[in-house]
Structures are given as C-alpha cells and as structure tokens.
1. Under the Karplus relation 6.51 cos²θ - 1.76 cosθ + 1.60, θ = phi - 60°, what is the ordered set of whole-Hz ³J(HN,Hα) values for the stretch 39-47, x standing for Gly and Pro?
2. Which net charge results when you count Lys and Arg as +1 and Asp and Glu as -1 among the other residues whose beta-carbon is under 11 Å from that of residue 8?
3. Roughly what angle does helix 118-138 make with the longest principal axis of the chain, taking Cα atoms, 0 to 90 degrees, to the nearest 10?
4. Please give the net charge around residue 21, taking every other residue with its beta carbon less than 11 angstrom from that of residue 21, where Lys and Arg add +1 and Asp and Glu add -1.
5. Long-range amide H contacts for residue 25: which residues qualify at under 5 Å (H placed 1.01 Å from N, peptide plane, sequence gap of 5 or more or a different chain)?
6. Size of the stretch 4-137 along its principal axes in angstrom, Cα-based, largest extent first?
7. Mind listing the long-range amide H neighbours of residue 30? Cut-off is under 5 Å, sequence gap 5 or more, other chains count too, H placed in the peptide plane at 1.01 Å from N.
8. Quick one: net charge of residue 80's neighbours, Cβ under 11 Å, K/R +1, D/E -1?
Amino acid sequence: MAGKTPFKVEVLTPEGEVFNDEVVEVVTRTSVGDIGILAHHVPVLAMLDPTELRLFKSEGDVVTYAQGEGFLQVAPGGEHVLLLVDEVHEPGKINASDYEEKLRRAEDQLSKAERFSAEERDARRDKRRYEAYLKVASGSAS
C-alpha cells in the first residue's frame, strides 16, 4: 500500500463514535455491491448492507468490524469518509452461539411470514445481518 494517500474516516453508531482515524483504504458493501475507497474518491452517498468493514491503516494494519446496515458518505474531494451504521462489532467479541440462535429465529420468522409483508422484510433483513456477523466471526468474510 506504499504510496497510497491517507484520508479521514469516521464510523458512528447510535451509541457513539467507533472509529476516527486516517486510513489509506476502506472496503465495505453497499446495497448495490462491494466498494473500495481510496483518497480522492468521487463523492458517494450509499446505503450499507451488513458485511465485514475493513479499514486499512497501512498494508499490515487492518481494522475490521462486523458492520450492520447504515449509510456511507464520501465527501467532495474524497478526503473524508463517514459511515453511519446501526451497529458494529469487533470480530473477536461476536458470540457466535448467540447469533446462530438469532439466525435460527429469523429463519423461522421468515418461513412463517406472509409474502411481501413487513414481517417478511424484517426477517430477511435480520437473516442477512446475522449471516454476515457469523461470517465475520468465523474469519471467512473476506
């Protein structure tokens, strides 16, 4: 990652600031697919999907989180990136058995929900989230 220009990144949740530092690259997933952001990226405003958020401080220093849903903003000039997410978790602090149980409940709710209902939408969203968190916890999200 030699030669990459550092830029400011903030990760905020309703509970407060999770990350505020300079990085050389951000990798995450939006509702339309994966995105990698370097300094001077074009302005972007996007919805975020649950995934592994990777913040590259340098080639050997990567901060990772299990990211929930939210929003991504790349400011004009590409020198500041803001991620507003409903929740983030450090991979080592994810209790896999808790999320496996939550996933089972979401799958059960999905199977019982009326098609095109709010319950179906919520169960699908929860299922995607818990699957992403479990993938990050197992280290296979990359």
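The values are calculated or read from the model by the stated rules, or taken from the named source; none is laboratory data. Quantities reported herein were computed from a predicted structural model and do not represent experimental measurements. Glycine gets a Cβ as well: all are built from the backbone with ideal geometry, and neighbour counts include every protein chain shown. Just so you know, the surface numbers come from the protein's heavy atoms only, side chains and all, with ligands and any DNA or RNA stripped out. Shrake-Rupley method; radii C 1.70, N 1.55, O 1.52, S 1.80 Å.
1. 4, 6, 4, 5, x, 9, 10, 9, 7
2. -4
3. 60
4. -2
5. 56
6. Ordered largest first, the stretch 4-137 gives principal extents of 50, 30, 24 Å.
7. For residue 30, the qualifying residues are 35, 49.
8. -2
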